[in-house]
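Take a look at the structure below.
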There are 4 protein chains.
Amino acid sequence: MSHNSFGHLFRVTTWGESHGPAIGCVIDGAPPRIPLTEADIQPFLDQRRPGQSRFTTQRREPDAVKIVSGVHDGMTTGTPIALIIENTDQRSRDYANIADRFRPGHADIAYHWKYGIRDPRGGGRSSARETAMRVAAGAIARKILPATVVIRGALVQIGAHRIDRSRFDWDEIPRNDFFCPDPVAAAEWATELDAIRKAGSSIGAVVEIQATGAPPGLGAPIYAKLDADLASAMMGINAVKAVEIGDGFAAAALRGEQNADEMRMNPDGSVAFLANHAGGILGGISTGQPIIVRFAVKPTSSILTEVAGVDSEGRETPIQTKGRHDPCVGIRAVPVGEAMMACVLADHFLRHRAQCGSFTPASLPLPTNITTL
Amino acid sequence: MSHNSFGHLFRVTTWGESHGPAIGCVIDGAPPRIPLTEADIQPFLDQRRPGQSRFTTQRREPDAVKIVSGVHDGMTTGTPIALIIENTDQRSRDYANIADRFRPGHADIAYHWKYGIRDPRGGGRSSARETAMRVAAGAIARKILPATVVIRGALVQIGAHRIDRSRFDWDEIPRNDFFCPDPVAAAEWATELDAIRKAGSSIGAVVEIQATGAPPGLGAPIYAKLDADLASAMMGINAVKAVEIGDGFAAAALRGEQNADEMRMNPDGSVAFLANHAGGILGGISTGQPIIVRFAVKPTSSILTEVAGVDSEGRETPIQTKGRHDPCVGIRAVPVGEAMMACVLADHFLRHRAQCGSFTPASLPLPTNITTL
Amino acid sequence: MSHNSFGHLFRVTTWGESHGPAIGCVIDGAPPRIPLTEADIQPFLDQRRPGQSRFTTQRREPDAVKIVSGVHDGMTTGTPIALIIENTDQRSRDYANIADRFRPGHADIAYHWKYGIRDPRGGGRSSARETAMRVAAGAIARKILPATVVIRGALVQIGAHRIDRSRFDWDEIPRNDFFCPDPVAAAEWATELDAIRKAGSSIGAVVEIQATGAPPGLGAPIYAKLDADLASAMMGINAVKAVEIGDGFAAAALRGEQNADEMRMNPDGSVAFLANHAGGILGGISTGQPIIVRFAVKPTSSILTEVAGVDSEGRETPIQTKGRHDPCVGIRAVPVGEAMMACVLADHFLRHRAQCGSFTPASLPLPTNITTL
Amino acid sequence: MSHNSFGHLFRVTTWGESHGPAIGCVIDGAPPRIPLTEADIQPFLDQRRPGQSRFTTQRREPDAVKIVSGVHDGMTTGTPIALIIENTDQRSRDYANIADRFRPGHADIAYHWKYGIRDPRGGGRSSARETAMRVAAGAIARKILPATVVIRGALVQIGAHRIDRSRFDWDEIPRNDFFCPDPVAAAEWATELDAIRKAGSSIGAVVEIQATGAPPGLGAPIYAKLDADLASAMMGINAVKAVEIGDGFAAAALRGEQNADEMRMNPDGSVAFLANHAGGILGGISTGQPIIVRFAVKPTSSILTEVAGVDSEGRETPIQTKGRHDPCVGIRAVPVGEAMMACVLADHFLRHRAQCGSFTPASLPLPTNITTL
């Protein structure tokens, strides 16, 4: 049992606070003899790194990762992989005025009631800075998965504005500051976010993560379901309040025949699904179809707008948060969600290999998924 | 690591298939000297039991639970509590025609690809029958929690029809067959479900679970967050496709100041929250406010309507499921969701006691929650 | 975390008390499609069963195991395997006089101080009866291991009398009542044990378990060492007070060159070890040599001889234990030790498969072990 | 599940190789608000540090520990505590000649067969250097335990020479280079070890660890027994081949009445044990008596004496290990054994608090232990 580890066979333990000397993680269970250098990890950290546009926090750090254990001559050795990122742009003075105040909607007061102590500098352990280590772990998880697996994320909603799915184009993602697959929405979001940023406010968002090419058989009944593990992984990302798989909440409104992902046989003898309401998971086990997860990110509670709070002495006090913050934390949650998807899949890939070896039943070929989203 | 256990300090392991001789569970970690008899568990099982109205499966079983270990002279001994429920109304012939066919939207094909073998009788291990043991475990979990904790569930949506929250009344729950808190909605649902049932179809639903009176401090950063564990617990219930905490997906549309649960001090020195967008959880830790979770249940794939499937020999085949099934599995998911809430809270109650003892910081009194839903 | 489970990927959870209605276990993680019936398990239970000679407790029970979950058409399905053995020869009246007394050397008082309650009938949960489920689990573990693995146990010491290792012969084991590999020692032990039995006393013993044919690579640094897991498994058997691997305590007296298991190459290119001081484990990982474990079993504290104890009211009281007991519990510990060896190896077999797949380095053939014991 | 973590509620994860840039650990589950600085940890590291006498390896490093997470204003915060020690005196050239050779009795070949790759510099992950982190973790574990708990270790045997227990005196420990409680033995050992050191050989040893003042109730049946966890912890220390509790292997030679730790009542109403054959543990649960563990440490396989080995190409080769090594690794195993005792007790202290709260049954006062060793 651990408060700071996730995964079972691909097991990640993180440590570090926002304004401590460094953050780090230990990855246990990675197979031996996988080529691995910092260059495999850094690009994913760069995607999540703050300060890359005016729409994310202006904290500027290189987030340069160092591998300090578990790799020899550029190959994993099967022993624990330790990663460290030094913190270089802490400005703890920013937080002096909220050390004894509890921001509404923030973890401050919950930590206080639980532990009776907290590190207030930059949110301490509750800071989204910790997610850098998840992104680093995700980069390693990707190397464990079969090469067929492609994991991608997109921001599909900011505030009340959703993308138009008919315009969904993965190639648009790198062309804007939002991981947005819809160029029209991206332009609108820029305008909206500028207004929010200038107002010192923040806004929520919805992130979608897709994994294609994952083999069937990942996950397990009853309490190791792939969807349950994905739900836990995504809900555990800072500020996430909701998770859905496939049709998600919309499935509540469907009838059985509408929700059925019907099947037929392809000429090559493989199975074709005619739809993917299930989001690639049935009975907690992957079907070979695209695995689709969406999660909602609330607006950050660190805002310039004054709200009514209390302090540790039990006095009412107005609260205004002046540090550097993301107007829409959902943006930087995209690479984090991708990383969590990679980690969960890698964990279940190893779990499947443990229990079932390399077994694939001969009688029924694996699916060719013809669904379009 | 386990595929069939959940919880860490209040740890539940279940076993059994729908049409085997029995189902059972083992509960490890329950404190000693808690009064416990079958009578503490049976009422919750009766709530979930099938065959109680025309809106649930017509399988009729007493679901009589037996305690076979861990209790002496009516008191828990601190050793593992084993529970068994005998299966008495299996009709395996119902399933002979689907033994080699894969129902669209059902776990059949995923089990086949993963294991190369499955028990097709009544869904085998993937049957919702397994959830009876969760309900039994939940009854014991409730006895571990402080007496202040009240856990209740309601069905808040069937198909596209949501309740009117202005009519939300817990007292309505036992007056209809749907755990519906809104008498008007209940009447409409009866009509709708009758039509669906007669058509041999099924429909989805949304369940809401609330826990009031839970102490602050349950949960822990970073990977033992209370909301992440609730998400996993609820998503792991059969047919669940989405989970949200507090405002959930609606939080994506909010701005920071709208989402802030502002605070003031009560005259008695306790903290009052002015809203509960967070659903009682901040930073993964409970705040003392009501803990609120909703989850979507898809329509069951076991329907009379013919859909296009394949068989284990790779032949296309129409599929019609003739056994006894629930037209809306969401109904019986209500007591299951309550039980999972109880189990997760009990687990975190023990976890908190382990790490933090009975500590409550003196400087800031616990909250008095004045929020109405 | 669990108090009543062992193993990680081959995970066994047991429940039940000596005088409850039944004992049972749940085995999680067994691979699918392994042929399994009760007939695979029963012979091992029969070896451990009491009442087979005058040297073990006269409690007589068939210990008939039933598989109630996880097997379909004679094959494992990958879902949890549940086993149950009904208790049929409880005589709880035997224990009435010790319900409130604490036998010196027995778990009674430790349970009392920990839990404030205990089931005194037959030792309740602390009874060696629980080990029947370990034996059953071990029978399934053996089916998971490669067919080359042979696990055998022997009693090598009773009281101060050790076997003569020059007479060690596995074929002698079934010819006496002690699992003794030395016919001379077996005859002497019979005389000695008769005297002890008639005196109402008991005696300690040493058990040796060997596993041959296990592949190299089982186990892992640093805290999943094969020897550490074996130490835990054996020390966890009732009444065990010491465990050693290979030369064990005798290694303390050796110099480095004496303790080195030197190697040379066989003509076929495989590695030959010239000795096995290490007991088949180096750095926590198996080497392909025979894995050798010994453990000491203390004399049972349940004796007719009167000893000085106290009762739950804090009064001094002489204690005499009149129930049916084993004069040498070490005898029946032999099949239990074998089972624990099987379970630990199966767990590590699955763990190795998870992390390393089917990898075997091509550059250095696996060992041909030429060591004789 | 983890290969590199131990403990459940006091959970330690270590990383790092002998000749990497640093070694470190993450401690999860430590209670909040415990005063903690590096000065609490460093003295224990200094005890284990190499190069302090001519009887340990001449590698000289300050082993200066840094706390990089989990402490704020000198107090633990309840979040993970991360510790780092930089490696400063690696001389990897020492190991170039054994990079492709497998030392008899060393983990080299086992790692090779398991992983197909290893870091040969200084033994890589298999080096005893990793135990520095266990010692650091143990220092923190001590702060979690009740102040009554005193944990001490001693070397009680080197080679064939045991101490004379009638001369056992804890005060002698700091007066010699061996943690030896017997001044006469210490003098003899100095002579013997000088000879071994000059011969380039090595010798085994036996370590004894005692914990006094531990409360009854630590540990749990069936698979979380305190003695099983201690056995695992001690057997997991590098080079350990045997573990015993209390009388250990000697218990095999005893009769039931000899092994019974009889009890009487003290005038103050507490329980007095008249002996401690059990080593303070009955039924896997502590009794309040001194907890006594001994373990055997084999002679290190890194010796100057030439032995017959093989290389990774399958060629026979004589092996001579020229680096800096301990002639008796048992010496430095003393503080490591103490640390493992502290960690296991702290873990069970938290486990007990989780399940049983602060419960102590009123009917029977806790023991006053009058046993002398």
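Looking at this structure, is D:Asp89 acidic (Asp, Glu), within 26 Å of A:Asp347 (Cβ to Cβ) and in contact with a Lys or Arg (Cβ under 7 Å, 6 or more places away or on another chain)? When the stated conditions are applied, D:Asp89 does not pass them. Taking segment A:245-347 and the strands (runs of 3 or more DSSP E) fully enclosed by it, the elements with 2 or more residues that are β-branched (Val, Ile, Thr) and within 30 Å of A:Pro120 (Cα to Cα) are at A:307-311, A:316-319. Considering only segment A:58-76, state which residues are surrounded by fewer than 19 Cβ atoms within 10 Å (Cβ to Cβ) and either assigned to a loop (DSSP other than H, G, I, E, B) or small (Gly, Ala, Ser) (or both). Selection gives A:Gln58, A:Arg60, A:Glu61, A:Pro62, A:Ala64, A:Asp73, A:Gly74. Close contacts from segment A:9-23, counting a first residue that is surrounded by fewer than 24 Cβ atoms within 10 Å (Cβ to Cβ) and a second that is in a strand (DSSP E or B), with Cβ to Cβ under 7 Å and a gap of 6+ residues or different chains, come to A:Pro21/A:Glu86; A:Pro21/D:Val68; A:Ala22/A:Gly16; A:Ala22/A:Ile84; A:Ala22/A:Ile85; A:Ala22/A:Glu86; A:Ala22/D:Val68.
All conditions but one from (1) at the interface with chain D (Cβ under 9 Å from one of its Cβ atoms); (2) closer than 25 Å to D:Ile109 by Cα apply to C:Ser201; the one that does not is (2).
Annotation for segment D:298-311: at least one member residue is touching an Asp or Glu at 6+ places or on another chain (Cβ under 7 Å) and within 20 Å of D:Val243 (Cβ to Cβ). Taking the criterion of being within 20 Å of D:Phe168 (Cβ to Cβ) and crowded, with 24+ Cβ neighbours inside 10 Å, the residues of segment D:189-205 that qualify are D:Trp189, D:Ala205. Out of everything in segment B:19-49 that is over 18 Å from the mean Cα position of the chain (by Cα), in a loop (DSSP other than H, G, I, E, B) and more than 7 Å from every other protein chain (Cβ to nearest Cβ), what residue ends up being modelled with the lowest pLDDT? The residue in question is B:His19. The condition (being at positive phi and modelled with pLDDT under 90) is satisfied by just one residue among A:Gly105, A:Gly122: A:Gly122.
The numbered conditions (1) facing chain A (nearest Cβ under 8 Å); (2) under 24 Å from A:Leu230 (Cβ atoms); (3) part of a loop (DSSP other than H, G, I, E, B) are all true for B:Ile237 except (1).
Confirm whether C:Gly217 is surrounded by 24 or more Cβ atoms within 10 Å (Cβ to Cβ) and facing chain D (nearest Cβ under 9 Å). Spelling it out, C:Gly217 is indeed surrounded by 24 or more Cβ atoms within 10 Å (Cβ to Cβ) and facing chain D (nearest Cβ under 9 Å).
Of everything listed in (1) facing chain D (nearest Cβ under 7 Å); (2) over 29 Å from the mean Cα position of the chain (by Cα); (3) under 21 Å from C:Gly217 (Cβ atoms), the single unmet condition for C:Gly246 is (2).
Looking at this structure, is A:Glu38 over 30 Å from B:His352 (Cα atoms) and touching a residue at least 60 places away in the same chain (Cβ under 8 Å)?
No; evaluated as a whole, the condition is false for this residue.
Considered as a group, the residues in segment A:143-184 that are within 14 Å of chain B (Cβ to nearest Cβ) and of a type in the set (Val, Ile, Thr) include one that is nearest to A:Pro327 (Cα to Cα), and that residue is A:Ile158.
Please work out which residue is surrounded by the fewest Cβ atoms within 10 Å (Cβ to Cβ), limiting yourself to segment B:142-159 and to residues that are in a loop (DSSP other than H, G, I, E, B) and out of contact with any strand residue (DSSP E or B) (no Cβ under 9 Å at 6 or more places or on another chain). Among residues in segment B:142-159 that are in a loop (DSSP other than H, G, I, E, B) and out of contact with any strand residue (DSSP E or B) (no Cβ under 9 Å at 6 or more places or on another chain), the one surrounded by the fewest Cβ atoms within 10 Å (Cβ to Cβ) is B:Ala147. In the set (1) part of a helix (DSSP H, G or I); (2) modelled with pLDDT of 90 or more, the condition left unmet by A:Thr79 is number (1). Every listed requirement among (1) touching a strand residue (DSSP E or B) at 6+ places or on another chain (Cβ under 6 Å); (2) at the interface with chain C (Cβ under 9 Å from one of its Cβ atoms); (3) modelled with pLDDT of 95 or more is met by D:Val293 save one, (2). As a summary of the residue check, B:Tyr223 satisfies the conditions (1) closer than 30 Å to B:Arg125 by Cα; (2) surrounded by fewer than 24 Cβ atoms within 10 Å (Cβ to Cβ); (3) more than 7 Å from chain A (Cβ to nearest Cβ) except for the one numbered (3). Total residues in segment B:169-188 satisfying the condition of being of a type in the set (Asp, Glu) and buried (at least 22 other Cβ atoms within 10 Å of the Cβ): the figure is 1.
Conditions (1) surrounded by 18 or more Cβ atoms within 10 Å (Cβ to Cβ); (2) within 9 Å of chain A (Cβ to nearest Cβ), marked per residue:
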residue: B:Gly284; (1), (2): yes, yes
residue: B:Pro299; (1), (2): yes, yes
residue: B:Thr305; (1), (2): no, yes
residue: B:Arg315; (1), (2): no, yes
residue: B:Gln320; (1), (2): no, no
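Within the option set C:Pro174, C:Pro146, C:Pro181, being within 21 Å of C:Leu193 (Cα to Cα), more than 15 Å from the chain's Cα centre (by Cα) and at pLDDT below 95 holds for one residue only, C:Pro174. Any residue at all in segment C:252-266 that is more than 23 Å from the chain's Cα centre (by Cα) and more than 9 Å from chain D (Cβ to nearest Cβ)? So far as segment C:252-266 goes, yes, one or more of its residues are more than 23 Å from the chain's Cα centre (by Cα) and more than 9 Å from chain D (Cβ to nearest Cβ).
For segment A:116-130, filtered to residues that are more than 7 Å from chain B (Cβ to nearest Cβ) and either within 23 Å of B:Ser358 (Cβ to Cβ) or without any contact (Cβ under 8 Å) to a residue 12 or more places away in the chain (or both), the residue that is surrounded by the fewest Cβ atoms within 10 Å (Cβ to Cβ) is A:Ile117. Just one of (1) under 19 Å from the mean Cα position of the chain (by Cα); (2) under 30 Å from C:Gly116 (Cα atoms) fails for C:Ile291. It is (2).
The number of residues in segment B:160-183 that are outside any helix (DSSP H, G or I) and touching a residue at least 60 places away in the same chain (Cβ under 8 Å) comes to 4.
The values are calculated or read from the model by the stated rules, or taken from the named source; none is laboratory data. Given the structure is predicted, the values throughout are model-derived calculations rather than measurements. Cβ sites come from the backbone with ideal geometry, for glycine too, and all protein chains shown count toward neighbours.
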